[in-house]
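Below is one structure, written out as structure tokens; the observations come after it.
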Amino acid sequence: MPTARNGWVRRALRSGRAVVTSRIPFTIQLCYDSTEHVQECTCKVDSGSTFVGISVTTGEKIIKEVFAAEAHLRTDIVELLSARKVLRRNRRGRKTRYRKARFKNRKKPDGWLPPSVRWKLDAHKRLIAMLHKFLPISDILVETAPFDIQKINNPTISGIGYQCGDQLGFQNVKEYVLYRDKHKCQICGKSKVKLHVHHIESRQTGGDAPNNLVALCLECHDMLHKGEVKLKKNEGNLFAMQHR
């Protein structure tokens, strides 16, 4: 158990009544039987995608915090997997063209999670297991905060309204984005041309959500990738263009 009796700890180590078992965190073990009961500790975890807050408390009437920490989780797994995917695809095209396609035979097992989510789940387990090594934790409380995104955008939504979103009746997201942008390029305003759907932010960062997509013609799309034009996303899913 955590103790603030630093003088007693120092004297116990000098007299041989205790030995050091860990330096970080500094932990000692008594060399004699103790008649006192071990206090029960409660581990509280504030889960998050980037930061995880952990607090261990003891006591019922007077709650005392004996451990507190904040862990920073990895956020580069999606980028690393995307880079590996590109390298493997190039290698297959150069060296293993004769192999049969295997992607049709792949099946995800029950309980499968994306690698980024799986790593974060395992990181939470490792943190709690580390605390179990030097604290007698009896209860674990994990704070979860589910959010209804559609309810936030539309407070009056209910029932079948959840199934009647903006993309209802459209075959895919691209078709909806072209309809939303009135089949016009959002930079030059051309309409009777072939349009591309451009990601304002990278797919890894912003995903394929409609508010991250915009319709552009071929010329403006090329200019945008060359850095001759800048496209910014404003509030209300409006788009602004800046020439360099």
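Which whole number in µm²/s is D for the chain by Stokes-Einstein, with the Kirkwood Rh taken over Cα pairs at 10 °C and 1.306 mPa s?
Numbers: Rh = 24.5 Å.
The diffusion coefficient I find is 65 µm²/s.
How much length is gained if the chain between Lys107 and Lys190 is pulled fully straight, taking 0.36 nm per residue apart and subtracting their Cα-Cα distance, in nm to one decimal? List each step's numbers first, then the result.
On the way: separation 83, 0.36 × 83 = 29.88 nm, distance 4.41 nm.
Extending this stretch completely gives an extra 25.5 nm.
What ³J(HN,Hα) values, in whole Hz, does the Karplus curve 6.51 cos²θ - 1.76 cosθ + 1.60 give for the range 128-143 when θ = phi - 60°, with x put for Gly and Pro?
Coupling constants for the range 128-143: 5, 5, 5, 5, 5, 6, 10, 9, x, 7, 9, 10, 10, 10, 10, 7 Hz.
Quick check on the chain: helices-only [θ] at 222 nm, where DSSP H runs of length 4 and up contribute -39,500 (n - 2.57) each and the sum goes over total residues. Nearest 500, please. Display every interim value, and only then the final one.
On the way: 7 runs with 73 residues, N = 244.
Taken over the chain, the calculation gives -9000 deg cm²/dmol.
Angle between the Cα long axis of helix 77-95 and the longest principal axis of the chain, 0 to 90 degrees, nearest 10?
Once rounded, the angle reads 60 degrees.
Check each of the GluC sites (Glu not before Pro) in the range 3-106 and keep only those in coil by DSSP with at most 16 other C-beta atoms within 10 angstrom; list them in order. Show your work: numbers first, answer last.
Working: sites: Glu36, Glu40, Glu60, Glu65, Glu70, Glu79; in loops: Glu36, Glu40, Glu60.
Passing both the DSSP loop test and the Cβ count: Glu36, Glu40, Glu60.
Whole-Hz ³J(HN,Hα) for each residue in the range 17-34, computed from phi via Karplus 6.51 cos²θ - 1.76 cosθ + 1.60 with θ = phi - 60°, x for glycine and proline: what do you get?
Those phi angles translate into 7, 8, 10, 7, 10, 8, 8, 10, x, 5, 10, 10, 10, 6, 9, 9, 6, 9 Hz.
Ranked highest first by average number of other Cβ atoms within 10 Å, how do 138-147, 11-20, 171-180 line up? Intermediate values should be presented prior to the final figure.
Details: 138-147: 9.3, 11-20: 12.2, 171-180: 15.0.
The packing order, highest mean first, is 171-180, 11-20, 138-147.
Past the 32 Å Cα-Cα mark, which pairs from Lys44/Lys151; Lys85/Lys230; Lys174/Lys230; Lys107/Lys226; Lys85/Lys174; Lys151/Lys190?
Numbers: Lys44/Lys151 29 Å; Lys85/Lys230 29 Å; Lys174/Lys230 21 Å; Lys107/Lys226 40 Å; Lys85/Lys174 24 Å; Lys151/Lys190 36 Å.
Too far apart for the 32 Å limit: Lys107/Lys226; Lys151/Lys190.
Looking at Thr57, Thr21, Gly7, which one has the Cα that reaches farthest to the positive end of the dipole of the range 1-144 (charges on Cβ: Lys, Arg +1; Asp, Glu -1)?
So the residue we want is Thr21.
Looking at the range 96-219, what % of the alpha carbon pairs are farther apart than 23 Å? Could the numbers behind the result be given before it?
Details: 4909 of 7626 pairs.
Of the Cα pairs, 64 percent sit more than 23 Å apart.
Using +1 on the beta carbon of Lys and Arg, -1 on that of Asp and Glu, and nothing else charged, what's the dipole of the chain about the Cα centre, debye to 20?
Details: 45 positive and 23 negative charges, 432 e Å.
Value, rounded to 20: 2080 debye.
Run the quick spin-label model on Arg23 and Met1: label points 7 Å from Cα toward the beta carbon, then report their separation in nm to one decimal.
For Arg23 paired with Met1, the spin-label model returns 2.9 nm.
Show me the trypsin sites (Lys or Arg not before Pro) within the range 47-153 that DSSP assigns to loop and that have at most 16 other Cβ atoms within 10 Å of their Cβ. Numbers along the way, then the final one.
Details: sites: Lys61, Lys64, Arg74, Arg84, Lys85, Arg88, Arg89, Arg91, Arg92, Arg94, Lys95, Arg97, Arg99, Lys100, Arg102, Lys104, Arg106, Lys107, Arg118, Lys120, Lys125, Arg126, Lys133, Lys151; in loops: Lys61, Arg74, Arg97, Arg99, Lys100, Arg102, Arg106, Lys107, Lys133.
Listed in order of number, the matching sites are Lys61, Arg74, Arg97, Arg99, Lys100, Arg102, Arg106, Lys107, Lys133.
Among His199, His225, His72, determine the one that fluctuates most according to a GNM of the chain built with springs between C-alpha atoms less than 10 Å apart.
Residue with maximal mean-square fluctuation among His199, His225, His72: His225.
Residues with amide H under 5 Å of Ile28's amide H, sequence separation 5 or more or different chain, H placed in the peptide plane at 1.01 Å from N; which?
Thr21
Quick one: dipole size for the range 1-58, taken about the Cα centre, charges +1 on Lys/Arg Cβ and -1 on Asp/Glu Cβ, in debye to the nearest 20. Walk me through the intermediate numbers first.
Values: 7 positive and 4 negative charges, 88 e Å.
Value, rounded to 20: 420 debye.
Over all pairs of distinct alpha carbons, what does the Kirkwood formula give as the hydrodynamic radius of the range 1-77, in Å?
Working: mean 1/r = 0.0659 Å⁻¹.
Averaging 1/r across every pair of different Cα atoms and inverting gives 15.2 Å.
Every read-out reported here was derived from the displayed coordinates using simple, explicitly stated rules and does not represent laboratory data. Predicted model, so just to flag it, every value in this text is computed and none were measured. Positions of Cβ are generated from backbone atoms using ideal geometry, with glycine treated the same way; all protein chains shown enter the neighbour counts.
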